[in-house]
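Please treat every number below as a calculation from the coordinates, not as lab data. The structure displayed is predicted, hence computed values, not measured ones. Reconstructed Cβ throughout: ideal geometry from the backbone, glycine too, with neighbour counts over all protein chains shown.
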Amino acid sequence: MKRLEKLYEGKAKVLYSTDNPDLLVQYFKDSATAFDGRKKGIIREKGILNNKISSRIFRYLESKGIKTHFVDMPSDREMVVKRLRIIPIEVVVRNIAAGSLSKRMGVDEGAPLKNTIIEFYYKSDPLGDPMINEYHIKAFGLAEKAELKQMEDSALKVNKYLSEFFDERGIILVDFKLEFGVHRGEVLLGDEITPDGCRLWDKETKEKMDKDRFRRDLGKVEEAYREVLKKVME
């Protein structure tokens, strides 16, 4: 399979077409952004670490019956994925109050939640990915009712499996972001699952092991990502 022309370049990845119309190459970059792109930087070898972490997690989720776009990891920075019609909705799953939820609700970061929260955001960099609900999704035709139900059900299953997966490795899954798309009429989990889009805390020390270290200038960013890779490969 040959990597052909660049189709899209985002903040963290580049998508390339291939000689197979059903497959793309997803290339992971070292660039990092926060606060809707207002903060930018480089996390050394982040692309390599995130590709390996995401590939491991996708393989694990596939073993649990979660259908994803993952096909193969041919190199340190490349992932072969199924071509998706992206559904322009980010699904955020929250198990513990942190980040924007803490600010919105006026609660301390780390406060336990009585139940898991699912939030929807409209994928639009120019608009800052605003929060939306089912009524917005229906009114603007962002997803079919059946697609939204599949996304929500899949997100809850992913949360169950990943919470168990990380817990066994001494990590708390605080919250995370998922993206979905349609391939041959089927809704699949897409994008990536990495410390870029997950809040991960050390189970004993509550030390942050994710992009919050970059957002908040906590230092030891690369070390945290490397530790996550080490633990997910166990």
* Among 130-140, 42-52, what's the highest-first ranking by average C-beta atoms within 10 angstrom per residue? -> 42-52, 130-140
* How many nm is it between the label spots at MET233 and GLU62, if each spot is 7 Å from the Cα in line with the beta carbon? -> 1.9 nm
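Local charge sum around LEU148 (other residues, Cβ-Cβ under 12 Å, Lys/Arg +1, Asp/Glu -1)? Display every interim value, and only then the final one.
On the way: positive: LYS138, LYS145, LYS149; negative: GLU134, GLU144, GLU147, GLU152, ASP153.
Net of charged neighbours comes to -2.
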* Around ASP129, which amide H atoms from residues at least 5 apart in sequence, or from another chain, sit under 5 Å from its own amide H, with H modelled in the peptide plane? -> SER124
* **Label-point gap, in nm, between LYS203 and ARG215 - each point 7 angstrom along Cα→Cβ** => 2.4 nm
* Asked: Treating the beta-carbon of each Lys and Arg as +1 and of each Asp and Glu as -1, no other charges, what is the dipole magnitude of the range 3-82 about its Cα centre, to the nearest 20 debye?
  -> 440 debye
* With +1 on each Lys and Arg Cβ and -1 on each Asp and Glu Cβ, how big is the dipole of the range 109-234 about its Cα centre, in debye rounded to the nearest 20? -> 140 debye
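Which of rounded, prolate or oblate describes the chain when judged by the alpha-carbon gyration tensor and an a/c cut-off of 1.5? Walk me through the numbers on the way to the answer.
Numbers: a/c = 1.41, a/b = 1.12, b/c = 1.26.
In terms of gyration-tensor shape, rounded.
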* Structure fact -> For the range 69-78, in residue order, the Karplus 3J(HN,Hα) values (coefficients 6.51, -1.76, 1.60; θ = phi - 60°; whole Hz; Gly and Pro = x) are 8, 5, 10, 6, 10, x, 8, 4, 10, 10
* Asked: Based on Cβ point charges of +1 for Lys and Arg and -1 for Asp and Glu, what charge dipole magnitude is obtained for the chain about its Cα centre, in debye rounded to the nearest 20?
  -> 220 debye
* Structure fact -> Assertion target for GLU9, GLU78, ordered by fewest C-beta neighbours within 10 angstrom first, is GLU9, GLU78
* Asked: Which of VAL158, GLY10, ILE137 sits closest to the plus end of the dipole of the chain, meaning its Cα is farthest towards the positive end, when Lys and Arg get +1 and Asp and Glu get -1 on the C-beta?
  -> GLY10
* Give the residues of the range 203-234 whose amide nitrogen is closer than 11 Å to a point set 7 Å from the Cα of PHE35 in the direction of its Cβ. => 215-217
* **Sequence-distant residues sharing a close amide H with ASP210 (under 5 Å, placed H)** => LEU200
* To do: Assuming a ≥ b ≥ c are the square roots of the Cα gyration tensor eigenvalues, decide whether the range 3-82 counts as rounded (a/c under 1.5), prolate (otherwise, with a/b larger than b/c) or oblate.
  => oblate
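With 10 angstrom as the radius, rank LEU200, LEU7 by how many other C-beta atoms surround their C-beta, starting from the fewest.
On the way: LEU200 28, LEU7 12.
Ranking LEU200, LEU7 by Cβ neighbours within 10 Å, fewest first, gives LEU7, LEU200.
Please label the shape of the range 161-219 as rounded, prolate or oblate, based on the square roots a ≥ b ≥ c of the eigenvalues of the alpha-carbon gyration tensor (a/c under 1.5 means rounded; beyond that, a/b larger than b/c means prolate, else oblate).
On the way: a/c = 4.50, a/b = 1.74, b/c = 2.59.
Oblate, because a/c is 1.5 or more while a/b does not exceed b/c.
Rounded to the nearest 0.05, what FRET efficiency do GLU223 and LEU7 have when you use their Cβ-Cβ distance and R0 = 22 Å? If you can, show how the numbers build up before the last one.
Numbers: r = 33 Å, r/R0 = 1.52.
Once rounded, the FRET efficiency stands at 0.10.
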* Can you list residues whose amide H is under 5 Å from ILE87's amide H, if they're 5+ apart or on another chain and H is modeled 1.01 Å from N? -> PHE180, GLY181, VAL182
* **Spin-label model distance (nm) - ILE86 vs SER102, 7 Å beyond Cα toward Cβ** => 2.9 nm
* Structure fact -> Under the Karplus relation with 6.51, -1.76 and 1.60 and θ = phi - 60°, whole-Hz ³J(HN,Hα) for the range 17-34, x at Gly and Pro, equal 6, 9, 6, 10, x, 8, 10, 10, 10, 9, 9, 8, 9, 8, 5, 9, 9, 8
* Structure fact -> The farthest towards the positive end of the charge dipole of the chain, of the residues VAL80, PHE35, LEU113, given +1 on Cβ of Lys and Arg and -1 on Cβ of Asp and Glu, is PHE35
* To do: Grab the Cα-Cα distance for SER124 and ASP76, subtract it from 0.36 nm times how many residues apart they are, and report the gain in nm with one decimal.
  => 14.4 nm
